[in-house]
Amino acid sequence: MRRALAAFRPQAFSLTMLLWGWRTLILVASVGIVTPWMVAVREGFLPEVKLLERLSGTQRRRRMRELVRSTHTSPVVRLVTIQLFLLGLVVSLFLLVDAIANHLLGVPIWTGRGYGLLATMELLWYDPKVVTTLMAVLWLLYPLGRLAWFFCYLDQ
């Protein structure tokens, strides 16, 4: 573990900036429907290629093209499948946490507040308890999705 962290330390800042740049591009590309998945798949294996294969510059770009070139629909389908599975997990776990908090602790987080449907849906954006619980569930399940994407990289 110590050697892995020592090997990562010199590249930490450049990798972080590179990832932030690509994530910003994916966010900007989210205006379209298909475009963000294409960008996410194109640069989705960036941490693995940069850290595990230790490639940079043109070698890294060539390797990224190789990863998605063989069957371009396969990584897109895998990414969409992973995202849909994680969406289902997030919704289920969020509703489970809400039900447990409501019934066992007597603290309603999202449901059980007695508002109408529209007001209940607005709680997803404005209520700190709901947003915090939802973000906690998202951050809890994100490593599972990243691990699944890493296995897709190993499968290529």
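Observations
- Solvent exposure of the chain as accessible area per residue, Å², 1.4 Å probe: 68
- Applying 1/(1 + (r/R0)^6) with R0 = 22 Å to the Cβ-Cβ distance of Asp127 and Leu84 gives a FRET efficiency near 0.25.
- For the chain, carbon and sulfur atoms together expose 71% of the accessible surface, with a 1.4 angstrom probe and every protein chain in place.
- Over the residues of the chain, the helix contribution to mean residue ellipticity at 222 nm works out to -25000 deg cm²/dmol, using -39500 (n - 2.57) for each DSSP H run of at least 4.
The values are calculated or read from the model by the stated rules, or taken from the named source; none is laboratory data. Everything numeric in this text was worked out from a predicted model, so none of it was measured. Cβ coordinates were reconstructed from backbone atoms using ideal geometry, including for glycine residues, and neighbour counts include every protein chain displayed. Accessible surface areas use protein heavy atoms only, side chains included; no ligands, DNA or RNA. Shrake-Rupley method; radii C 1.70, N 1.55, O 1.52, S 1.80 Å.
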